[in-house]
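Shown next, in structure tokens, is the structure this report addresses.
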Amino acid sequence: MKTITLGMTLLAVMLTGCASSSWQTKLQNQIPVLGHRNWIVIADSAYPMQSNPGIETIYTDKGQVEVLEHVLQELENASHVRPVVMVDRELEFVSETDAPGVNQYRTRLKKLLEDKHVKTMPHEAIIRQLDEGAELFNILLLKTDMTIPYTSVFLELDGLSSFWNAVRAHPDVNVSAARVAIVIERAEINIEYPFDCCDDIQA
């Protein structure tokens with residue numbers, strides 16, 4: 001009986017280890033193929049599994065802050081994308097009485113995102129953007145064991161700002177040619193880019 005119990009315990013440990021490492025491997029493999037308008041979501045435990053085939057849900061068996069920190073570090077190491085971070089406005093109004101630990105989480109979240117482009121929006125507004133994005137672009141959703149409401153963090157990937165940072169930093173890049181490409185793209189699809197690098201470009 002002891003042998004069987006020990007075997008079951010070892011199997012459980014092995015399965016937990018596989019689950020915890022598989023999301024990291026998946027993320028590492030996905031980031032090179034993700035780009036502008038793809039999303040990565042670090043979701044709380046109550047976040048529903050969505051039926052849209054463009055949204056892939058993976059259970060991490062880890063804490064919210066740990067997963068978010070890992071994802072941000074992986075994106076920091078990527079040369080082609082940077083995240084635009086979206087957080088629920090409702091999180092501001094969750095009380096420590098109703099959700100013990102929320103104050104500590106807000107403090108840790110603020111520290112993690114202090115140098116990031118962060119948008120605070122109503123939850124439903126973020127979900128609408130996510131659903132619209134999933135119609136055309138893949139979304140990787142990493143589900144955590146967080147039980148505090150409105151703690152999901154949504155990362156919409158932006159490739160253009162990363163591109164311009166690389167252009168500015170690299171002495172051999174033909175900046176004029178790169179700007180011409182942006183002018184042509186603007187003229188063809190009639191959009192505006194909210195980046196100061198392009199303010200002097202007239203389409």
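What is the fewest-to-most order of LYS119, LYS111 by other Cβ atoms lying within 10 Å of their Cβ? Before the final figure, lay out each step's value.
Details: LYS119 14, LYS111 10.
Result, fewest neighbours first: LYS111, LYS119.
Would you calculate the separation in nanometres between label points at GLU114 and HIS36, each defined as 7 Å from the Cα along the Cα-to-beta-carbon direction?
About 3.2 nm separates the two model spin labels.
What does the net charge come to around GLN50 if you take all other residues with beta carbon closer than 15 Å to its beta carbon, with K and R at +1 and D and E at -1? Walk me through the intermediate numbers first.
Details: positive: ARG128, LYS143; negative: ASP44, GLU56, GLU124, ASP131, GLU132, GLU135.
Net charge in that neighbourhood comes out at -4.
Could you list which residues have their amide H under 5 Å from that of VAL84, counting only those 5 or more apart in sequence or on another chain, with H placed in the peptide plane?
So VAL84 has HN proximity to GLU156, LEU157, ASP158.
In nm, what is the difference between 0.36 nm times the number of residues separating GLU69 and ALA46 and their Cα-Cα distance?
Answer, rounded to one decimal: 6.3 nm.
Using the count of nearby Cβ atoms within 10 Å as a rough guide to exposure, how do SER152, SER95, SER22 rank from fewest to most?
Ranked by crowding around the Cβ, least crowded first: SER95, SER22, SER152.
Apply the Karplus curve 6.51 cos²θ - 1.76 cosθ + 1.60, θ = phi - 60°, to the phi angles in the stretch 28-33 and return the couplings in whole Hz, x for Gly and Pro.
For the stretch 28-33, the Karplus curve yields 4, 6, 7, 3, x, 9 Hz.
A short reminder: the numbers here are calculations on the coordinates, not readings from a lab. Quick caveat: nothing in here was measured; it's all calculated off a predicted structure. Methodologically, a virtual Cβ is constructed for each residue, glycine included, from the backbone with ideal geometry; neighbour enumeration extends over all protein chains shown.
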